[in-house]
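S.K.: Structure provided below as structure tokens; questions to follow.
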Amino acid sequence: MSSHLQISDRLRDLLSHRGVVEEDDITTFIAPDYARDIHDPFLLHDMDIAVERILRALDANEKIVIYADYDADGVPGATVLYDFFTKIGYENFSVYIPHRHDEGFGLHHKALEKFIADGSTLLITIDLGITAVDEVAYAKENDLDVIITDHHEAHGVTPDAVAIVNPKLGTYPDPMICGAAVIWKVVCAVLQTMRDDKKLAEKYTSTIQEGWEKWLLDMVGIATLSDMVPLVNENRALAYFGLKVLRKSRRHGLQTLLYKLRMQQPYLTEDDITFMVTPKINAASRMAHPMDAFKLLTAGNTEEAKIAVKHLLDLNEKRKQLVAQTMKEVNKKIDTLTDNDVIVIGNPDWQAGILGLVANKIADEYGKPAFVWSREGETIKGSCRSAETCDVVALMDAVSDHLIQFGGHKEAGGFSASTDAIHHLSEHLNSAYPSQAFTQEDADEKTYDLAMQPTDITSRLYNELGMMAPFGIGNPKPILKLDNIALESIRHFGKGQNHLEVSFRSSSRNAIKAIAFFATADTFGLSTDTTPSVTMYGFIEESRFRGTPEIRMRIERLDS
């Protein structure tokens, strides 16, 4: 099989550096197979119990609540379950996604009171609930059964739910799948049970084409790529097949959004999703209500889709303006903070929904971990980014006595603190940082993957390295090093002239472009009056701007 795939020695070498050495592992990595790589949903903890309870609810026409998180994992996950209930003709259900600012993350008592009052008897969470011990107990006391589907870590006692479907419980083969993937597994398990039972098949699935559930992988793909889960093992297959479905997805909202963004659906890449689609989904919860994104993904016709897309794009523009306005405030006061190893900055009036975006910009610009906060009610809430210099969750754990809550990934996280504690948080974080910082040896361990010549930057190389896609956390794009290349031109582009393009000669006839978004010649110490010799670090990509494919480099670093 591997010889049929024509895997080059160069590709084998790259894979070996990522721990993919054996022939079977290489084949699995390069050529994901649905039947082989997508695990049996019944391997998930409590899946059989969850399926039995859902089928019982369907049979009795119980009122079901879908309760999902407000991000680009929870909203696509809610869409998965919504699509399933709609497909089988079940109507007695509602969708609830909490407001990011008014309610915050998780399962809330006030919402539960509403569900209990309107006669709901089954609530299914998506991408949340694993720590909702008190809330689930309250629901149970009031005859509202709860099925938790989540992928977050369980800390201590788990809720007394009817079922907890979570890959981090039990012995599921890939504990790192995202929340939308978990609820998709539930749908797959319910469908499998229905098809295996003659009466259920006649009632629900006789008109549903075998394999219909694969069409739902467009939502799982968006969530897997958006939620910063490692793109290895089953996640790699979910992202791989998710992209395949996204390129063919018939969703009115998605097609309309891609058209408005001037993106070619058949050629969608993981970057298109994470840099173009995901921010629009997240703009709903950051600037208005997450149901606005849900309406986009579930639009029933083109007219509904156009309205939903226009609204989301307007929200996204407002989000950009608010981030720019907040960054102006940041820049006015940050000079006094840059001597610290960790930048801690905030304002009680800053909007909570954009704090992560602001933290990301600060971390990128200053190369230091950034903790950005605002006030919600009587509590300080914030977001942080690592600048790849430390594990921010480990850093927060080191100062946990001064925080109310915290969580996230190595690169990004969130926290809450008392209004008194925030005044001393910078001091505590900077004291703890030296013991948590990555060493220079860690940072310098691997600066590039392949040393190449300008003549190597071709569609052939792009296609060869593309066999490793999709790229993301756990499977980064291979970084190429081009030594001592002479730049032929340097220019800026974009509305604000805030993006950089340089060109260099790959042969006597062909010039190659290299770009860096949100960077200028000054960023890399280049002079537009000269054509310096530089060493370039970056990755190869294919641009389809205005419909014409073009091989180019994306700049990560330039050394003069």
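S.K.: Where residues in region 209-248 are assigned to a loop (DSSP other than H, G, I, E, B) and surrounded by 22 or more Cβ atoms within 10 Å (Cβ to Cβ), which of them is modelled with the highest pLDDT?
M.R.: Leu231
S.K.: Kindly list, by first and then second residue, each pair from a residue in region 59-85 that is assigned by TED's automatic domain parsing to the domain that holds Leu238 and crowded, with 24+ Cβ neighbours inside 10 Å to a residue that is basic (Lys, Arg) and at pLDDT below 95, limited to pairs with Cβ atoms under 6 Å and residues at least 6 apart or on different chains.
M.R.: Going by the 6 Å Cβ cut-off, the qualifying pairs are Tyr70/Arg100.
Rundown of residues vs (1) under 20 Å from the mean Cα position of the chain (by Cα); (2) closer than 28 Å to Met287 by Cβ; (3) assigned by TED's automatic domain parsing to the domain that holds Glu210; (4) among the hydrophobic types (A, V, I, L, M, F, W, C), yes/no style:
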{"residue": "Ile97", "(1), (2), (3), (4)": "yes, yes, yes, yes"}
{"residue": "Leu112", "(1), (2), (3), (4)": "no, yes, yes, yes"}
{"residue": "Phe115", "(1), (2), (3), (4)": "no, yes, yes, yes"}
{"residue": "Ala139", "(1), (2), (3), (4)": "no, no, yes, yes"}
{"residue": "Val165", "(1), (2), (3), (4)": "no, no, yes, yes"}
{"residue": "Cys178", "(1), (2), (3), (4)": "yes, yes, yes, yes"}
{"residue": "Val186", "(1), (2), (3), (4)": "no, no, yes, yes"}
{"residue": "Val190", "(1), (2), (3), (4)": "no, no, yes, yes"}
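S.K.: Return a yes/no flag: does region 250-266 have any residue that is at pLDDT 95 or above, crowded, with 21+ Cβ neighbours inside 10 Å and either touching a Pro at 6+ places or on another chain (Cβ under 8 Å) or in the same structural domain as Gly466 (by TED's automatic domain parsing) (or both).
M.R.: No, region 250-266 has no match at all.
S.K.: How many residues, within region 59-95, are in contact with a helix residue (DSSP H, G or I) (Cβ under 7 Å, 6 or more places away or on another chain) and part of a strand (DSSP E or B)?
M.R.: 6
S.K.: Right, something else. Specify the residue that is modelled with the lowest pLDDT; the eligible residues are those in region 427-443 that are surrounded by fewer than 17 Cβ atoms within 10 Å (Cβ to Cβ) and of a type in the set (Gly, Ala, Ser).
M.R.: Ala443
S.K.: Test of understanding: among Glu376, Glu427, which residue is over 21 Å from the mean Cα position of the chain (by Cα) and within 23 Å of Lys320 (Cα to Cα)?
M.R.: Only one candidate qualifies: Glu376.
S.K.: Taking the condition within 17 Å of His101 (Cβ to Cβ) and assigned to a helix (DSSP H, G or I), does Leu313 pass?
M.R.: It is false that Leu313 is within 17 Å of His101 (Cβ to Cβ) and assigned to a helix (DSSP H, G or I).
S.K.: Just checking, how many residues over region 256-289 are within 20 Å of Gln321 (Cβ to Cβ), in contact with a helix residue (DSSP H, G or I) (Cβ under 7 Å, 6 or more places away or on another chain) and not in a helix (DSSP H, G or I)?
M.R.: Residues meeting the conditions: 2.
S.K.: Further question: Go through region 444-560 and tell me which strands (runs of 3 or more DSSP E), entirely inside it, have 2 or more residues that are more than 27 Å from the chain's Cα centre (by Cα), at pLDDT 90 or above and within 20 Å of Asp9 (Cβ to Cβ).
M.R.: In region 444-560, the matching strands (runs of 3 or more DSSP E) lie at 450-452.
S.K.: Filtering region 1-59 down to residues that are closer than 17 Å to Thr193 by Cβ and of a type in the set (Asp, Glu), which residue is nearest to the chain's Cα centre (by Cα)?
M.R.: Asp40
S.K.: Continuing with this model, one more query. Against the conditions (1) surrounded by fewer than 20 Cβ atoms within 10 Å (Cβ to Cβ); (2) at pLDDT below 95; (3) not charged (D, E, K, R), where does Thr131 fall short? Just the number, please.
M.R.: (1)
S.K.: List every residue pair whose Cβ atoms sit under 6 Å apart, with the two residues 6 or more apart in sequence or on different chains, where the first one lies in region 163-181 and is outside any loop (DSSP other than H, G, I, E, B) and the second, anywhere, is of a type in the set (Asp, Glu) and modelled with pLDDT of 95 or more.
M.R.: Correct list of pairs: Ala163/Asp46; Ile164/Asp46; Val165/Asp46; Gly179/Asp73; Gly179/Asp127; Ala180/Asp73.
S.K.: Being surrounded by fewer than 14 Cβ atoms within 10 Å (Cβ to Cβ) and in a loop (DSSP other than H, G, I, E, B) is the filter here, so list the residues in region 104-123 that pass it.
M.R.: Selection gives Asp118, Gly119.
S.K.: Now, a different point. Touching a Gly at 6+ places or on another chain (Cβ under 8 Å), within 16 Å of Val65 (Cβ to Cβ) and modelled with pLDDT of 95 or more: which single residue out of Ala161, Ala111, Ala117, Ala139 fits that description?
M.R.: Ala161
The values are calculated or read from the model by the stated rules, or taken from the named source; none is laboratory data. Because the structure is predicted, anything quoted here is derived from the model rather than measured. Neighbour counts run over all protein chains shown; Cβ positions are idealised from the backbone, glycine included.
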